[in-house]
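Everything below concerns the one structure shown next.
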Amino acid sequence: MRPSTGRILFMFVALLAALLVFLWWSDIILVKKCEAHGGVWDAEARVCRIALPPIHGTWT
């Protein structure tokens with residue numbers, strides 16, 4: 001007996017939902033993008049800390 005199309009579709013949607021929940025919970029995509037731009041991921045605040053170089057010269 002082969003599985004019905006509805007059951008396969010339901011399993012696919014459930015797997016996709018679980019993947020999205022995992023990615024949201026783990027912040028893995030945001031962490032990778034932060035590291036790629038030279039930042040440090042602050043997990044408690046869920047922000048990327050990027051050190052800015054000092055500005056040389058004056059704004060007069």
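The values are calculated or read from the model by the stated rules, or taken from the named source; none is laboratory data. Since the structure is predicted, the reported quantities are computational estimates derived from the model, not experimental observations. Note: ideal-geometry Cβ built from the backbone for every residue, glycine included; neighbour counts use all protein chains shown.
Residue under question is ARG49, and the condition is that it be of a type in the set (D, E, K, R), loosely packed, with under 10 Cβ neighbours inside 10 Å and out of contact with any His (no Cβ under 7 Å at 6 or more places or on another chain); does it hold?
no
Any residue at all in segment 29-37 that is of a type outside the set (Val, Ile, Thr), surrounded by 10 or more Cβ atoms within 10 Å (Cβ to Cβ), in contact with a helix residue (DSSP H, G or I) (Cβ under 8 Å, 6 or more places away or on another chain) and not in a loop (DSSP other than H, G, I, E, B)?
Checking segment 29-37: not a single residue is of a type outside the set (Val, Ile, Thr), surrounded by 10 or more Cβ atoms within 10 Å (Cβ to Cβ), in contact with a helix residue (DSSP H, G or I) (Cβ under 8 Å, 6 or more places away or on another chain) and not in a loop (DSSP other than H, G, I, E, B).
Say we look at segment 1-26 and pick out the residues that are at pLDDT below 90 and within 19 Å of ALA43 (Cβ to Cβ); which of these is surrounded by the fewest Cβ atoms within 10 Å (Cβ to Cβ)?
Among residues in segment 1-26 that are at pLDDT below 90 and within 19 Å of ALA43 (Cβ to Cβ), the one surrounded by the fewest Cβ atoms within 10 Å (Cβ to Cβ) is TRP25.
Check whether at least one residue in segment 38-54 is among the aromatic types (Phe, Trp, Tyr) and free of Cβ contacts under 8 Å to residues at least 12 places away in the same chain, and report yes or no.
Within segment 38-54, none of the residues are among the aromatic types (Phe, Trp, Tyr) and free of Cβ contacts under 8 Å to residues at least 12 places away in the same chain.
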